[in-house]
Amino acid sequence: MPLSKEALATQAQINKKFGEGTLVLASEVPERKPLTTGSLSVDIALGGGWPSNQWSEVVGRESSSKTSLAYMTLFANQQRDPDFMALWIAAEAYNTKWAESLGVDNSRVHLASTNNMEKAYEILVRSADSRAYDLLVLDSYPALVADQEEEKDMQDMVVGLGARRTGQFFRKVGSSMGRSLVSEEKPVVGLFINQFRKAIGTFSPQGTPNTTPGGEAKNYAFYSRLELTRTEYIDEPIPGKNMKRRVGQVVKAKAIKNKQSAPHKVANYDFYFENAPQHGFRAGEHDRVKELVTLGVLYDLIERRGSYFDLAGERYKGAEPMLTAIRSDLTLQDELDASIRATALGDSGATLNEVEDDLEEAA
């Protein structure tokens, strides 16, 4: 339907005053592809991955694989794009060896080691505006210290200063992240790593509520927020001994805020923080094939009849033989990954947890 003369005139006036691309038709806005998280199930829970030209938050308790997910994101996108470049603000120590164990090419990561809040935010604003990087990571917010707080004595109170600075940062960086709606310039993804705290002075029958440092205002600026929790540990028997050692954990990722897809979707993946030869994984790897099978059943790309599974013209009795076959066929893995991504916006009527329970029984 053609625009009215009044609408065309208004568009021309506004674009002339504020710059071309200020007022455009929604149909003219190009699709900004999300950035993969490195985990298929987390990508689907977020509606495709980390949203482009937006800020996202990864939050959870200690040792819930928050930083490791950021490393996984780095590795996965470096594999896809040889020119992929990241900026990492290390308010905590950047673990070069751990990053390498997850596959990260550290020669394509610019590192700024500072816990000064104003300095960190200024670097992020300039980097977002330059479009020199594909990914901006802050690890982590609780380690940042505002200038005024640093200058005070230990006994002096500086209430809410960090939260106010953070609100100012997001207001300032907003124009650098979004910019023109129709420009073809390089997109950028911002990632904040944060940690839950117990809310002070509150109580409920369900326990003390969680909160995050930085105040409530920052949550408005995040396009998506991902909560990570450890649901269980993965142990491996020690050969020749009646003992087990801890080699990994099952990570649950819940999209507690998501403006590019439905919120509160849940993903699960097995992450190994130690070498696990009996499981077939080295430290830093996650079980991609288990994700493929779970999601393949969820989206009816793998057909199940009782304890039998049909995939790519083959029938398997039990989930374990099918897992073994998929692990040995990289082409099949890629094909299944692509098919799952193509159908993931549909609704199978089942939940991810129900499918995982069924697979455990079948195995």
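The values are calculated or read from the model by the stated rules, or taken from the named source; none is laboratory data. Remember, it's a predicted structure, so these values are computed and weren't measured experimentally. Quick reminder, even Gly has a Cβ in these numbers, built from the backbone with ideal geometry, and neighbours come from all protein chains shown.
The residues of segment 96-110 that are under 23 Å from residue 120 (Cβ atoms) and either over 19 Å from the mean Cα position of the chain (by Cα) or assigned to a helix (DSSP H, G or I) (or both), listed by number, are 96, 98, 99, 106, 107, 108, 110.
Step by step: first the residues of segment 1-41, then only those that are hydrophobic (A, V, I, L, M, F, W, C) and not in a helix (DSSP H, G or I), then the one that is nearest to residue 103 (Cα to Cα). Which residue is that?
The residue in question is 35.
In segment 1-58, how many are of a type in the set (A, V, I, L, M), crowded, with 21+ Cβ neighbours inside 10 Å and out of contact with any Asp or Glu (no Cβ under 6 Å at 6 or more places or on another chain)? Counting residues in segment 1-58 that are of a type in the set (A, V, I, L, M), crowded, with 21+ Cβ neighbours inside 10 Å and out of contact with any Asp or Glu (no Cβ under 6 Å at 6 or more places or on another chain) gives 6. State yes or no: is residue 105 exposed (fewer than 14 other Cβ atoms within 10 Å of the Cβ) and at pLDDT 95 or above? Here the answer is no, as residue 105 does not meet what is asked. Of all residues in segment 210-220, one or more are crowded, with 19+ Cβ neighbours inside 10 Å and either modelled with pLDDT of 95 or more or under 21 Å from residue 63 (Cα atoms) (or both). Is it the case that some residue within segment 46-65 is part of a helix (DSSP H, G or I) and either acidic (Asp, Glu) or closer than 30 Å to residue 274 by Cβ (or both)? Within segment 46-65 (the criterion being part of a helix (DSSP H, G or I) and either acidic (Asp, Glu) or closer than 30 Å to residue 274 by Cβ (or both)), the answer is no, since none of the residues qualifies.
One line per residue, one yes/no per condition, for (1) more than 23 Å from the chain's Cα centre (by Cα); (2) farther than 29 Å from residue 38 by Cβ; (3) at pLDDT 95 or above; (4) among the aliphatic types (A, V, I, L, M):
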| residue | (1), (2), (3), (4) |
| --- | --- |
| 112 | no, no, yes, yes |
| 115 | no, no, no, no |
| 144 | no, no, no, yes |
| 158 | yes, yes, no, yes |
| 164 | yes, yes, no, no |
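Which residues, taken from segment 302-322, are within 14 Å of residue 336 (Cα to Cα) and crowded, with 19+ Cβ neighbours inside 10 Å? Matches in segment 302-322: 302, 311, 322. If we scan segment 7-20, do we find a residue that is touching a residue at least 60 places away in the same chain (Cβ under 8 Å), touching a helix residue (DSSP H, G or I) at 6+ places or on another chain (Cβ under 7 Å) and not basic (Lys, Arg)? Taking every residue of segment 7-20 in turn, none turns out to be touching a residue at least 60 places away in the same chain (Cβ under 8 Å), touching a helix residue (DSSP H, G or I) at 6+ places or on another chain (Cβ under 7 Å) and not basic (Lys, Arg). When each of 236, 227 is tested for being part of a strand (DSSP E or B), at pLDDT 90 or above, under 17 Å from the mean Cα position of the chain (by Cα) and surrounded by 11 or more Cβ atoms within 10 Å (Cβ to Cβ), the lone residue that passes is 227.
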